Amino acid sequence: MAYYHPQFVHFTIALLAVGVVFRTISLAGRPAFVAPAALTLLAIGTIAAALSVQSGTAAHGPVERVPGVRAIVGEHEEWGLRTRNVFYGVMVLEAIGLVFWRSPRRRLVHTASTVVGLVGLLCLYEAGTHGGTLVYAYAGGVGIRSGNPADVERLLLAGLYHEAQAERKAGRLNEAAALLTMAAGRHPGDPEVQLAAAESFLVDRKDPRAAIEKLRNIQPPQDNRSLRIRHGLLTADALEAAGQREGAAAVVQGLVTEYPDVPRLKQRLDSLK
């Protein structure tokens, strides 16, 4: 069930949040459909919460083995369990409410259900917050969910690219160039990765001639408009940096001829004239 943890979690959040809101509205006694709708949503949402906990438990092993992740995984699991258990309590109250369906006491039971449900939503919020931190700050589960090695490779590529951008921003240009060179070496057939490496020759290594040589070996697909434009503009930048301004203008002119509807190409051509 580990694979389906994200789906279960999103259904849990939506169903329980709307269920508690409907139960709160039902305390006013109208409209009539809100009370049974609240019960239905809370029941399905609680089942989804149980499935979320079960699927999360199945998924946590490989995630928490990553250095530095075990503690945040534990916190996420604890809040998930609290959420499930609180809504188990809500369902007990809802069952009591069914017993008192025609009794004035039903409103008191539903009030108690609303209060406990609000506490459950706070637990759900904490579980979601810790889950988001686990995924977006620690890459928990990213790349390994499907079991496909290609997903792990894409995870590594994303890490190399973003770390290179961080190094560049911090002024550590040699480190940025080394990371992008590593990425290019692992993905020799990917023109986008190769373009990023070529750009690094120009931006990080300040070597426009090496960038030009690298760009000559990259052939963007004919049907990839954005990649062809990026390749052409980067080639023009490298030629201009190498002192070949006329060559740069010729490259951009070719792009303008091929893509006359792109204003920035005309602007770039004007800047070279």
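The values are calculated or read from the model by the stated rules, or taken from the named source; none is laboratory data. Just so it is clear, the structure is predicted and the values come from calculations on it, not from any experiment. Ideal geometry is used to build each Cβ from the backbone, glycine not excepted, and the neighbour counts take in all protein chains shown.
Restricting attention to segment 229-266, the residues being under 33 Å from the mean Cα position of the chain (by Cα), without any contact (Cβ under 8 Å) to a residue 12 or more places away in the chain and not in a helix (DSSP H, G or I) number 1. Restricting segment 158-209 to residues that are in a helix (DSSP H, G or I), charged (D, E, K, R) and free of Cβ contacts under 8 Å to residues at least 12 places away in the same chain, the residue that is nearest to R245 (Cα to Cα) is K169.
Only one of the numbered conditions (1) under 21 Å from L156 (Cβ atoms); (2) surrounded by fewer than 17 Cβ atoms within 10 Å (Cβ to Cβ) is not met by E167, and that is (2).
For segment 122-134, a residue qualifies if it is more than 16 Å from I44 (Cβ to Cβ) and surrounded by 15 or more Cβ atoms within 10 Å (Cβ to Cβ), and the qualifying residues are C123, E126, A127, G128, H130, G131, L134. Scanning segment 50-72 for residues that are under 12 Å from H5 (Cβ atoms) and either in contact (Cβ under 8 Å) with a residue 24 or more places away in the chain or touching a Ser or Thr at 6+ places or on another chain (Cβ under 8 Å) (or both) turns up L51, S52, V53, Q54, S55, G56, A58, A59, V63. Selection of segment 99-137 for residues being at pLDDT below 90 and not basic (K, R) yields F100, W101, S103, P104. Looking across segment 26-44, the residues that are in contact (Cβ under 8 Å) with a residue 12 or more places away in the chain, under 17 Å from R105 (Cα atoms) and outside any loop (DSSP other than H, G, I, E, B) come down to S26, A35, L39. Among the residues of segment 95-114, is any surrounded by 15 or more Cβ atoms within 10 Å (Cβ to Cβ), part of a helix (DSSP H, G or I), under 32 Å from the mean Cα position of the chain (by Cα) and not aromatic (F, W, Y)? Checking segment 95-114: not a single residue is surrounded by 15 or more Cβ atoms within 10 Å (Cβ to Cβ), part of a helix (DSSP H, G or I), under 32 Å from the mean Cα position of the chain (by Cα) and not aromatic (F, W, Y). For segment 55-74, residues that are part of a loop (DSSP other than H, G, I, E, B) and out of contact with any helix residue (DSSP H, G or I) (no Cβ under 8 Å at 6 or more places or on another chain) total 4.
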